[in-house]
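Shown next, in structure tokens, is the structure this report addresses.
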Amino acid sequence: MRAQHAVEYAVVRTRDVLDPANDDLAKAGAESEPARRCVVTDRTVERLYGDRLRAYFQARGIEARLVVLDSGEENKNIGAVMHVVEAFDALGLLRRQEPVVGVGGGVLTDIVGFACSTYRRGLPYVKVPTTLIGQVDAGIGAKTGVDHRGHKNRLGSYFPARAVLLDPAFLATLPERHIANGLAEILKLALVRDRRLFELLEQHGPRLLRERFQDLNPAAAGVADEVLQRAIGGMLAELEPNLWEDELERAVDYGHSISPALEMSVLPELLHGEAVAVDMALTTVVSCDRGLTSAADRDRVLEVLSALKLPATHPACRPELLDAALADTVRHRDGRQRIPLTTGVGTVRFADDVTRDELRAAAEFLWNRGGEPHEEGSRWPMN
Ligand SMILES: NC(=O)c1ccc[n+]([C@@H]2O[C@H](COP(=O)([O-])OP(=O)(O)OC[C@H]3O[C@@H](n4cnc5c(N)ncnc54)[C@H](O)[C@@H]3O)[C@@H](O)[C@H]2O)c1
């Protein structure tokens, strides 16, 4: 028996997706404009955009049913998936012609994607990511999932949406901390494949953070657009040849070796991108200690993290956590570490031999470097 499953989905950059004159959302994922839409969103997005969402579908003559989930990583669990599935049952959705619409951040689109992948073994859906992390990462790939028993994304699937609509206008209402959170994933991509993107973040990072990618400053117009374009294009280029992750050495796993355990161990204190930032700082120092990255480049990376208001260390980064995180990553990557380490800025190589001592030394270096939100003079490892 041999079968193939071709995958094709549209990633569309659009403007003012909730303007009734914009066709993208009404037509997304369907051959002809469906008469009904099940729209899943979260409480915060509903508060900010619920009225415009309803008005959009009403103006288009589409009967829209809104399902609203609790916001936040703490609510990214199988219970949320069951809630969505129950709504599908209650609405009696048609199996192919009425693609579900998920409007929200990475948590929301991961939950909706998982619910759609399992409902009748696959219900088409459309993603409208409303956070920066959603627009450059969570929203444009094929992975869905929820956390389970303290483990990040332990239950999930590969189930791409039919279409993804990216509208930067949503970022205008995003709190600054969540912009920084998305910038962490953009920095990840810059570090593993795009030196120019790194330089853009180095030069314009604080302004992007302040202006929320709305390009308010005419002197540097176009920077926000170029950063988004490079981040999205780079991410898709990394995903396309390896969508099902047959190859477990993935450059885009950079920053995701220690961070899953860290993020879950302090939930909800660190956002996803913040945990990724701490992981990137750790592996940057390991690369430098191995002679793969110069001290000057290491310091540039650490400076960009701090300019983007991202952490480079956290009190939970203690030896036991680093050991447990490494062990779980080895299981996740099928028995080998396959840890991406940067070689300078913009290139990467994989290592299977990162030792506990190297990670501990890196954590200690970052903790003692100062400038982080902890008591002056407290030594690593702390209690
Ligand atoms: N599937 C993937 O490939 C993939 C990749 C990267 C990250 N992720 C997942 O994404 C999640 C993180 O994503 P996130 O940071 O978007 O989280 P999130 O969905 O929790 O959104 C962050 C917060 O912003 C609010 N929000 C959303 N849009 C808003 C807007 N336009 N204005 C104001 N507030 C808004 C949300 O309600 C939430 O409170 C993690 O669970 C991570 O595992 C998945």
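Summary of values
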item: Residue match in segment 31-43 (condition: modelled with pLDDT of 95 or more, of a type in the set (A, V, I, L, M) and not in a strand (DSSP E or B)); result: no
item: Hits in segment 277-296 - residues which are touching a strand residue (DSSP E or B) at 6+ places or on another chain (Cβ under 8 Å) and under 11 Å from residue 359 (Cα atoms); result: 283, 284, 286, 287
item: Evaluation of residue 169 against (1) in a helix (DSSP H, G or I); (2) under 15 Å from residue 232 (Cβ atoms) (one fails), failing number; result: (2)
item: Close pairs (7 angstrom Cβ cut-off, 6 or more residues apart or separate chains): among the aromatic types (Phe, Trp, Tyr) in segment 95-119, more than 7 Å from the ligand (Cβ to nearest atom) anywhere; result: 114/81; 114/146; 114/156; 114/157; 119/85; 119/88
item: Test set (1) more than 23 Å from residue 28 (Cβ to Cβ); (2) more than 9 Å from the ligand (Cβ to nearest atom); (3) of a type outside the set (Ser, Thr, Tyr); (4) in contact with a helix residue (DSSP H, G or I) (Cβ under 9 Å, 6 or more places away or on another chain) - residue 72 fails condition number; result: (2)
item: Positions within segment 254-269 being part of a helix (DSSP H, G or I), surrounded by 23 or more Cβ atoms within 10 Å (Cβ to Cβ) and not polar (S, T, N, Q), in sequence order; result: 261, 262, 263
item: Single condition residue 49 does not satisfy, out of (1) in contact with a Gly (Cβ under 6 Å, 6 or more places away or on another chain); (2) within 11 Å of the ligand (Cβ to nearest atom); result: (1)
item: Count of segment 109-137 residues which are near the ligand (Cβ under 8 Å from one of its atoms) and either under 18 Å from residue 28 (Cα atoms) or surrounded by fewer than 24 Cβ atoms within 10 Å (Cβ to Cβ) (or both); result: 5
item: Residue within segment 312-329 that is over 20 Å from residue 204 (Cβ atoms), in a loop (DSSP other than H, G, I, E, B) and β-branched (Val, Ile, Thr) present; result: yes
item: Residue in segment 295-309 that is within 20 Å of the chain's Cα centre (by Cα), within 16 Å of the ligand (Cβ to nearest atom) and surrounded by 14 or more Cβ atoms within 10 Å (Cβ to Cβ) present; result: yes
item: Search result, residues across segment 270-282 that are out of contact with any Gly (no Cβ under 8 Å at 6 or more places or on another chain) and either free of Cβ contacts under 8 Å to residues at least 24 places away in the same chain or assigned to a helix (DSSP H, G or I) (or both); result: 274, 275, 278, 281, 282
item: The listed residue being aliphatic (A, V, I, L, M) and not assigned by TED's automatic domain parsing to the domain that holds residue 158, out of 64, 3; result: 3
item: Failed item, numbered, when residue 175 is tested on (1) within 9 Å of the ligand (Cβ to nearest atom); (2) surrounded by 18 or more Cβ atoms within 10 Å (Cβ to Cβ); result: (2)
item: Residue count, segment 241-255 (criterion: within 18 Å of the chain's Cα centre (by Cα) and in contact (Cβ under 8 Å) with a residue 24 or more places away in the chain); result: 9
item: Residue match in segment 214-230 (condition: touching a strand residue (DSSP E or B) at 6+ places or on another chain (Cβ under 9 Å), within 11 Å of the ligand (Cβ to nearest atom) and either among the aromatic types (Phe, Trp, Tyr) or not assigned by TED's automatic domain parsing to the domain that holds residue 79 (or both)); result: no
item: Some residue of segment 144-164 being aromatic (Phe, Trp, Tyr), within 9 Å of the ligand (Cβ to nearest atom) and closer than 27 Å to residue 22 by Cα; result: no
item: Near pairs, Cβ below 9 angstrom, 6+ apart or cross-chain, from segment 182-198 (in the same structural domain as residue 213 (by TED's automatic domain parsing) and in contact (Cβ under 8 Å) with a residue 40 or more places away in the chain) to any residue that is among the acidic types (Asp, Glu) and within 11 Å of the ligand (Cβ to nearest atom); result: 182/137; 184/274; 185/137; 186/137; 188/137; 189/137
item: Given (1) part of a helix (DSSP H, G or I); (2) within 14 Å of the ligand (Cβ to nearest atom); (3) not acidic (Asp, Glu), number of the condition residue 79 does not satisfy; result: (2)
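The values are calculated or read from the model by the stated rules, or taken from the named source; none is laboratory data. For clarity, every value in this text was computed on a predicted model and none was experimentally measured. Reconstructed Cβ throughout: ideal geometry from the backbone, glycine too, with neighbour counts over all protein chains shown.
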